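The values are calculated or read from the model by the stated rules, or taken from the named source; none is laboratory data. All values reported here derive from a predicted model rather than from experimental measurement. All Cβ positions, even for glycine, are placed from backbone atoms using ideal geometry, and neighbour counts span all protein chains on display. Accessible surface areas use protein heavy atoms only, side chains included; no ligands, DNA or RNA. Shrake-Rupley method; radii C 1.70, N 1.55, O 1.52, S 1.80 Å.
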Amino acid sequence: MPKELEKKYDPADFEDRLYEEWNSKGYFRPNKPGAKPFTIVMPPPNITGQLHMGHALDNTLQDILVRYKRMCGFNTLWVPGTDHASIATEAKIVEQMRKEGLTKEQIGREAFLERAWEWNRVYGGRITEQLKKIGSSCDWTRKRFTLDEGCSAAVKDVFVKLYNDGLIYRGNRMVNWCPHCETSISDAEVEYEEKPGNFWHLLYTVKETGEKLELATTRPETMLGDTAVAINAEDPRYAHLHGCHVILPLLNKEIPIVCDEHADMTKGTGVVKITPAHDPNDFEVGQRHDLPIVRVFTYDGRMTGAEDKRAAEEAAAKDKLSVNEPIVLDCGKYAGMTTMEARKAILADLEAGGYLKEVEPLKHDVGTCYRCHTVIEPMVSKQWFVRMEPLAKPAIEEVKSGSLRFVPNRFSKNYLHCLEHSRDWCISRQLWWGHRIPAFYCDDCGELVVSAEDTVLCPKCGKPMRQDPDTLDTWFSSALWPFSTLGWPNDPEDLKTFYPTTVLVTGYDIITFWVSRMIFSGLAHTGKKPFDDVLVHGLVRDGLGRKMSKSLGNGIDPLEVIKTYGCDALRFTLVNGNAPGNDMRVSDERFEASRNFANKIWNAARFVLMNLDTDCDPDRIDTKDLPDEDKWILSQYNRVIREVRENMDRYELGVAVGKLYDFIWDVFCDWYIELVKARLNEKGTASNLQAQQVLTYVLSGTMKLLHPFMPFITEEIWRSLPHKEDSVMISDYPAYDEAMNFPVEEAAMRKVIDAIRAVRNLRSEMNVSHSRKAHLHIVTHETATFAGKEKFFLRLAYASGVELHEVAPDATGCARAITDSCEILIPIADMIDKVEELARLNKELAAAEGEVARAQGKLANESFVAKAPAALVDAERAKLENANSKLAKLRAAIAQIEAL
RNA sequence: GUGGGCGUAGCUCAGUUGGUUAGAGCGCUGCGUUGACAUCGCAGAGGUCGUUGGUUCAAGUCCAUUCGUCCACACCA
């Protein structure tokens, strides 16, 4: 027997309870062995983070897909997990220690890592608890962490494999250095910000000719590291200087003038100073001309001194890798200054020496660290790199060939662009929290061993080895996530069943960081693409369209929204009316509208339940002898099933949920329930039982259709109705059934509804109160269509009685509501103003005439009739016929009233 | 510089492979509350789909042009 629902819709009453139950009963685990798998691996949120709207959106989309596919019979797995977020977490812990007056170096690596793990224990679980609040039906028994044993094993394996294949190398290369985080970062982690600056025009003296050579720079403090100036070989202005030298001011050092294509004749004076250690382009020039690399900055953003020089020489001596080894300069009087202090001091000295010609203000984009927004220092530094070209190639092909799809497709351009232009990936980080690089050095003989096994003694000379102190870029481990979480390489059970995964759901802001790296890693290490599809969503913005951020304080906390409006309202808001890949705005108004929808469903269900007194079958229905209104709703319900499934299979979640919204509110609540209310009062009749059956069948099925979007309210209602399975989430998603199409009954009901609307419209325009009932005369040639449906007019068209006529009776004193299938006479003469009524009818006449003209025009076009699909032409003819029919009735009515 | 998004009702946005008289939510106007729901119902006003041209029987949808706006990537001595 159905059970009652609480009078008031209060999601807090049942959301947590239902989630707990689902989880404890194991419904989130893959439960259909042998069935076709459907797999999603959750983009792992950072352990430093709190759940924000972006996570809420990302995980809601995944949960909708997973719940849908689960109900469609797939063996469904959604793997959750978290990311150790090396740089972010390390920064938080350093900050925490700073408040205690401690530094990393003081407590040492081991103690530091202990603190980090403690942080993970305390906060790492926080975000997963929050994910439960939004209803995520992921398999928590398979929860993973990028630093757990399995993921770490995968990282080591991949590193060693790539090294052995020559795809990872160590070398002195130009990297982006963050002086605040004191680590290198990858190109993808640099953000450009426009900042004001200057061109300082400097004068360097040519040794051979004594002339002053003018050049401009935005970074005068790097001049101490200049090892050449470049001119273009084609530049006639400087043809006489080929092979000459300039004297570097302040240092009084002789450096060559080189010819290089990097010097652009059209820019500035056509002369460029070359600082190979501190500028990416200059580094390239230096390579081409075999220039020395002179480093003048320390890793914490100061000018180098004697101490730095000695330390660097010692380190270089130990390391057998000495290609491109920078020379460290003792900057003398500038040593120890910050780069900004040095800039001032150097400029002052240049000016005093007559080397500064002019200062020209400009705005330029400066690279900053995406974590701390400190200005990035390009720096030659010894780091580990992944060779991108061989890895990118197959990853590009995979998408170009269409084997791996982006949804919407436009994001594949984004992806291809980033892979086609990527430079080698700097993967080493001067951090402690992360996967330590599995490389071991012998300081004695210089031997280097790269191995997944800890190597304590040098295989060559037997002396103790030292592990590389650096860790790997967080994204190096994230790149392996789709297969490392499924047991690769050691425990391939899940891998066999669930890999490649089906779809990755993520925001467009992370395609370059993560998606591209997962794709080339998957191809390289498993030989297969990591997923078939990438469903890309946009960013969540506030009501004013601004990106949510801490500094603006405009972030909306999803948990607060859940408290106020319920989880289902939050989820509905995040998918309704949003197109894939587009940014969206959320606001209280939208949450409120969603909550109102939930409330509407709740009350409709309550109404159905209070009228159920039999145990109906929720899954089967006998359509024999059902009245038209029942077949009408069943037919529409059937169509919604088909459309929703089609939309879901194409990732058009917003369209699918919009159709359910319309069906539930406009069709089921506003019309069907109203149409059957009378029958529900006729207890004990066959008609009453049929209505109960149809209500149960449609409502139960609709709750299934809606369940992926609004899991909690649908479960609570579905269980109150007669049901067979324990939970709606493990029931079968409704399927389209050809036998449930009733086009004739649908058309008939549409005519009845049109007539009811026409009456309501007229009464409303004439300001007739609902309490003023009237006896209606329906005049129609289609009496069969209207026969037996007079009762609907009593309640819905405020009628006191209804008569059907084939031939119009005397219409004196009647207002006329006109549709294309009938004319309804309403005897409310005292309410009718002749002028107003004529105006109203004429307005309708104009509309009908417009429609007739449009349809006639179309049909008069021979090309249309000849070339358009026949069904379309027929439809147009039917429309013309209907419009003409309505037109005739309107004209007659107007003539009659005018004659009065 | 290269690539891309957006421009549809007062506001925020849908509009699926081109095919009804272009839709929704919020807001607005009028009416309505004795048993599903005022977190509601009924009715209504409001749009030449940024501009101009083209393809097509047919364009909000495809192509080109142009304006506005936002983003990504690149360069910037």
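Taking only protein heavy atoms into account and a 1.4 Å probe, give the accessible area per residue of chain A in Å².
43
Would you mind checking the tilt of helix A:388-400 against the longest principal axis of the Cα atoms of chain A, expressed as 0 to 90 degrees and rounded to 10?
20
With a 1.4 Å probe and all protein chains kept in place, how much accessible area does A:ASP617 have, in Å² rounded to the nearest 10?
50
Give the relative contact order (percent, whole number) for the range A:576-691; include only Cα pairs under 8 Å separated by 6+ residues.
Over the range A:576-691, the number comes to 35 percent.
Rounded to two decimals, what is Rg over Rh for the range A:472-521 when you use alpha-carbon atoms and the Kirkwood radius?
Rounded to two decimals, Rg over Rh is 0.99.
How would A:THR266, A:THR76, A:THR623 rank on accessible area, largest to smallest, probe 1.4 Å?
Output order, biggest surface exposure first: A:THR266, A:THR623, A:THR76.
Would you grab the residues whose amide H sits under 5 Å from the one on A:THR205? Only those 5+ places off in sequence or on another chain, please, with H modelled 1.01 Å from N.
Here A:LEU213, A:ILE247 satisfy the definition.
In vacuum, with every alpha carbon of the range A:732-827 counted as one equal point scatterer, what does the Debye formula give for log10 I(q)/I(0) at q = 0.13 Å⁻¹? Two decimals, please.
-0.47
Report, in whole Å, the centroid distance computed from the Cα atoms of the range A:353-397 and the range A:647-675.
52
Any idea what the relative contact order of chain A is, in percent, if you count C-alpha pairs under 8 Å spaced at least 6 apart? Mind showing how you got there, number by number?
Details: 1541 pairs, mean separation 111.7, N = 900.
It rounds to 12 percent for chain A.
Listed highest first by mean packing, meaning other Cβ atoms within 10 Å per residue, what order do A:509-517, A:371-379 come in?
A:509-517, A:371-379
Per-residue accessible area for A:VAL386 at 1.4 Å probe radius, Å² rounded to 10?
0
Counting other Cβ atoms within 10 Å, keep those with at most 10, restrict to DSSP loop, and tell me which trypsin sites (Lys or Arg not before Pro) in the range A:1-110 are left.
Filter output for the range A:1-110: A:LYS3, A:LYS7, A:LYS8.
Find, among the trypsin sites (Lys or Arg not before Pro) in the range A:529-637, those assigned to loop by DSSP (not H, G, I, E, B) with at most 12 other beta-carbon atoms within 10 angstrom.
Working: sites: A:ARG541, A:ARG546, A:LYS547, A:LYS550, A:LYS563, A:ARG571, A:ARG585, A:ARG590, A:ARG595, A:LYS600, A:ARG606, A:ARG620, A:LYS624, A:LYS631; in loops: A:ARG546, A:LYS550, A:ARG620, A:LYS624.
Here the trypsin sites (Lys or Arg not before Pro) that fit, given the DSSP loop and packing criteria, are A:ARG546, A:LYS550, A:ARG620, A:LYS624.
Give the separation of the Cα centroids, the range A:171-220 to the range A:577-644, in Å.
So the separation of the two Cα centres works out to 64 Å.
Could you work out what % of the accessible surface of chain A is carbon and sulfur, using a 1.4 angstrom probe and leaving DNA, RNA and ligands out of the count?
Numbers: 19590 of 38760 Å².
Whole-percent figure for carbon plus sulfur exposure: 51.
Gap in Å between the Cα centre of the range A:776-802 and the Cα centre of the range A:495-564?
Cα centroid to Cα centroid, the span is 55 Å.
Can you show me the helix-derived [θ] at 222 nm for chain A, built from DSSP H runs with n ≥ 4 at -39,500 (n - 2.57) apiece and divided by the number of residues, rounded to the nearest 500.
Mean residue ellipticity, 222 nm, calculated: -13500 deg cm²/dmol.
Looking at the range A:852-900, which GluC sites (Glu not before Pro) are DSSP coil and have at most 10 other C-beta atoms within 10 Å of their C-beta?
Loop-located and lightly packed - none at all.
With every protein chain left in place, what is the accessible area of A:ASP754 in Å² (1.4 Å probe, nearest 10)?
For A:ASP754, solvent-accessible area is about 60 Å².
For A:ALA808, list long-range residues whose amide hydrogen, built 1.01 Å from N in the peptide plane, is under 5 Å from its own amide hydrogen.
Under 5 Å from the amide H of A:ALA808 lies no amide H from a residue far enough along the sequence or on another chain.
With no solvent and one point on each alpha carbon, what is the Debye value of log10 I(q)/I(0) for chain A at q = 0.06, 0.08 Å⁻¹?
For the requested q values the scattering log ratios are -0.61, -0.88.
To the nearest 10 degrees, how steeply does helix A:743-765 sit against the main Cα axis of chain A, on a 0 to 90 scale?
90
Quick check: convex hull over the Cα atoms of the range A:774-900, volume per residue in Å³, rounded to an integer?
In the range A:774-900, the Cα convex hull volume per residue is 117 Å³.
If DNA, RNA and ligands are ignored and the probe is 1.4 Å, what is the ranking of A:ASP625, A:ASP619 by accessible area, most exposed first?
Output order, biggest surface exposure first: A:ASP625, A:ASP619.
Using Cα atoms only, what is the angle between the long axis of helix A:686-706 and the major principal axis of chain A, expressed in degrees (0 to 90) to the nearest 10?
10
Before anything else, pin down the relative contact order of the range A:197-312: Cα pairs under 8 Å, at least 6 apart, normalised by residue count, whole percent.
Details: 213 pairs, mean separation 28.8, N = 116.
Relative contact order for the range A:197-312 comes out at 25 percent.
So how do A:THR502, A:THR82 rank on accessible area, 1.4 Å probe, biggest first, that is with the largest at the start?
A:THR502, A:THR82
Hey, which of these cross-link pairs are over 30 Å Cα-Cα: A:LYS3/A:LYS36; A:LYS32/A:LYS704; A:LYS624/A:LYS858?
From A:LYS3/A:LYS36; A:LYS32/A:LYS704; A:LYS624/A:LYS858, over 30 Å: A:LYS3/A:LYS36; A:LYS624/A:LYS858.
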